[in-house]
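Quick notes on the structure that follows.
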Amino acid sequence: MADPPGCCSTCATCLLCPYSCQWITAKKEKRKGLRTTKYDCSWFFFLFGVFLFTLVWLYFAVIILNDFHNFNEFIFRQKKLWLDWSLVLLIATAVLISYSSVLLILALCLQLCGQPLKLHWVHKILLILTALVVAAAFTGLGIKWAEEWKSASISLQATGPFLHIGAVGGMTLLAWPLASFIYRTRSTGLRVFLLLVYCAVMIALYLAPLGITSPCIMEEKQLPPKPALVGHRGAPMLAPENTLMSLHKAVDCDVQVFETDVMVSADGVPFLMHDEELTRTTNVQAVFPERASLNSTAFNWTDLQQLDAGSWFLERRPFPTVQSLSPGDRKEAAEQRIPSLGQALEAAKQSNISIMFDLRPENHSDYQNFVNVTLEVILQSGIPLQQVLWLPDGFREDVKQQAPSVQHIYGRKRLKNEKEPVLHVNLPYQDMSSEEIRQYRQDNISVNLYVVNQPWLFSVLWCSGVSSVTTNACQVLKEMKRPIWLLPSSTYFMIWVVVDCVSFLVIIWAFFLMKKCSHRTRPAESETDVLLTKINSLMQE
């Protein structure tokens, strides 16, 4: 395999020590006659594969942060334990990617110095464990959170052009150690194989933009209007969710719709609550410990009014933004109570925003009564019915008869043979492609997608032409005056050509220089070998 031509002793020692866990100098290494064997090469390729595998997981970890609050809520409902698991995810991922990156850099530097790639057995075990951990993470993601694969696909519309540039740059830098290895190795078959693989990968990368599509590759004059903001349970990053404070904070963020969830108490009072149990967002375990596990609808309104619906927000800190709340906001949050639907409607009317809600639980035996009671409160509130956006599918026809001016929002795509035209749809952002969004917009159908928290996702949907988005981060999206990036197709084409041409020239230069260096070292190596052979012969005589 590759011959070590000689390297600075200090540099060789510094590289070999962490990689091979051996404190030996380049001279001792040469004396031992160690070379990089096929077995060592196989471990280098495994290291490279683990690095790429972990890098892909890092990308997924960053993408799923948009939806990670849902995962935190899921874990709480299962284990009654609240923790921001996104921090655990990011720290663990950072450790894995850092470890594999450092090892890969050491290996490439050793190759450039002509030193043998003798990976220590401890690193081999840790690399196998890293691969297993990342594989388990991907498996768990596919089983429990399969919709995130769609999120990753959408993310490529935002990151595709930049991933292409990064991949071309990384593979271009790899040309230096690759050229060093090819000119030093004695195996013609391995040399040809590596060259073919590298050329195939580079050609694929150079042509990758042909398959990259993004709605943000357009002229600025073609950019659709900025999507309206719908506050998901209000402004849950700034106030306890589904409270009047959350509604008012959402109004400050210029949201046009307050999205919430409604349940009906045992004595017939509709109130705002998302979870079927009260344990996550109230102190029900302290006030009614023996009834804490009951459904929210099992409590009467008098009992619900005794509960604290704000202190949990300050104690558990469901979002990092809680730490930056002012003393006044902290005091107000601690004083929040569960609001009734009537109170929420009055606040929405005063703030001149719409209110959109789900009525839960849909499988309740008394659900029709829930619908009637809720409609009665809406009609008595005096809010203009055009500001009420009705989401529940159950008994929708009854609602249309009793309150014909209420706007109906459908949680599905339109059907081919609709009896009545569907004017508003509300769907997860993973369920609609950019092409479908454009088609619905052309047909004057309002599309609201949820839950959109990250600016990159908001930018993609903005470029696609979505009407509105439901968000937890209204204070962030409010400040966006334009998508994160917007490129005319001609500009993107120019960037593509320039990047590919520069990469190609750098690769040619790398191979040329490494070939020149290899020619310089070979005569010196030959003279040394002849001298050592003569000395050995004299000693034997």
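Calculate how steeply helix 38-63 sits against the longest principal axis of the alpha-carbon atoms of the chain, using the helix alpha-carbon long axis, and give the answer as 0 to 90 degrees to the nearest 10.
Tilt of helix 38-63: around 20 degrees.
How large is log10 I(q)/I(0) at q = 0.12, 0.18, 0.19 Å⁻¹ when the Debye formula is applied to the Cα atoms of the range 128-215, each weighted equally and without solvent?
Reported log10 I(q)/I(0), two decimals: -0.61, -0.98, -1.00.
For the range 316-323, in order, what is each residue's ³J(HN,Hα) by Karplus, 6.51 cos²θ - 1.76 cosθ + 1.60 with θ = phi - 60°, in whole Hz (x at glycine and Pro)?
Along the range 316-323, the couplings run 8, 6, x, 9, x, 5, 4, 5 Hz.
Just how far, in whole angstrom, is the range 240-258 from the range 35-106 if you go by their alpha carbon centroids?
36
Return one number: the angle in degrees, 0 to 90 and rounded to the nearest 10, between the long axis of the Cα atoms of helix 9-20 and the longest principal axis of the Cα atoms of the chain.
50
Can you give me the C-alpha center-to-center distance between the range 282-311 and the range 349-402, rounded to a whole angstrom?
Cα centres, the range 282-311 to the range 349-402: 24 Å.
Kirkwood Rh, the range 308-453, all Cα pairs: how many Å? It would help to have the intermediate numbers written out before the result.
Working: mean 1/r = 0.0558 Å⁻¹.
For the range 308-453, inverting the mean 1/r across all distinct Cα pairs yields 17.9 Å.
Rounded to the nearest 500, what is the chain's calculated 222 nm mean residue ellipticity when only DSSP H runs of at least 4 contribute -39500 (n - 2.57) each, over all residues? List each step's numbers first, then the result.
On the way: 21 runs with 306 residues, N = 541.
So the helix-based figure for the chain works out to -18500 deg cm²/dmol.
Heavy atoms only, 1.4 Å probe, whole protein assembly: order 509, 485 by accessible area, highest first.
Details: 509 140, 485 30 Å².
Correct descending sequence by accessible area is 509, 485.
Which FRET efficiency, nearest 0.05, do residue 478 and residue 45 yield, Cβ-Cβ r, R0 60 Å?
Computed FRET efficiency for residue 478 and residue 45 comes out at 0.80.
How big, in percent, is the set of alpha carbon pairs in the range 239-296 lying more than 18 Å apart?
Details: 711 of 1653 pairs.
Beyond 18 Å sits 43 percent of the P(r) for the range 239-296.
For the pair residue 513/residue 135, report the inter-label distance in nm, with labels modelled 7 Å from Cα in the Cβ direction.
3.9
Roughly speaking, to the nearest percent, how much of the chain's 1.4 Å accessible area is carbon and sulfur? Spell out each step's value before the answer.
Details: 16460 of 26450 Å².
Ligands and nucleic acids excluded, carbon and sulfur give 62 percent.
Once the range 52-178 is represented by equal point scatterers at the alpha-carbon sites, with solvent omitted, what log10 I(q)/I(0) does the Debye formula produce at q = 0.18, 0.20 Å⁻¹?
-1.11, -1.25
At 20 °C and a viscosity of 1.002 mPa s, what translational diffusion coefficient does Stokes-Einstein give for the range 279-330, taking Rh as the Kirkwood radius over Cα pairs? Give it in µm²/s as a whole number. Please report the intermediate quantities before stating the final value.
On the way: Rh = 12.3 Å.
Roughly 174 µm²/s, to the nearest whole number.
Using amide H atoms built 1.01 Å from N in the peptide plane, name the residues 5+ places from residue 262, or on other chains, whose amide H lies under 5 Å from its own.
273, 358, 359, 360
Please report the spacing between the Cα centers of the range 121-162 and the range 184-202 in Å, no decimals.
Using only Cα atoms to place each centre, the spacing works out to 29 Å.
With the alpha-carbon atoms as the only input, what is the per residue convex hull volume for the chain in Å³? Walk me through the intermediate numbers first.
Numbers: hull volume 102.9 nm³, N = 541.
Once divided by residue count, the hull of the chain is 190 Å³.
Give me Rg over Rh for the range 402-462, both radii from the alpha carbons and Rh done the Kirkwood way, two decimal places.
Value, to two decimals: 1.01.
Under 5 Å between amide H atoms, partner at least 5 residues away or on a different chain: which partners does residue 390 have, H built in plane at 1.01 Å?
407, 408, 409
Does anyone have the angle between helix 188-207 and the longest principal axis of the chain? Alpha-carbon axes, 0 to 90°, nearest 10?
With both axes taken from Cα atoms, the answer is about 30 degrees.
The values are calculated or read from the model by the stated rules, or taken from the named source; none is laboratory data. Just so you know, these numbers come straight off a predicted model, no measurement behind them. Because the Cβ atoms are built from the backbone with ideal geometry, glycine has one as well, and the counts that use them run over all protein chains shown. Heads up: the accessible areas ignore ligands, DNA and RNA and are worked out on the full protein's heavy atoms, side chains in. Shrake-Rupley method; radii C 1.70, N 1.55, O 1.52, S 1.80 Å.
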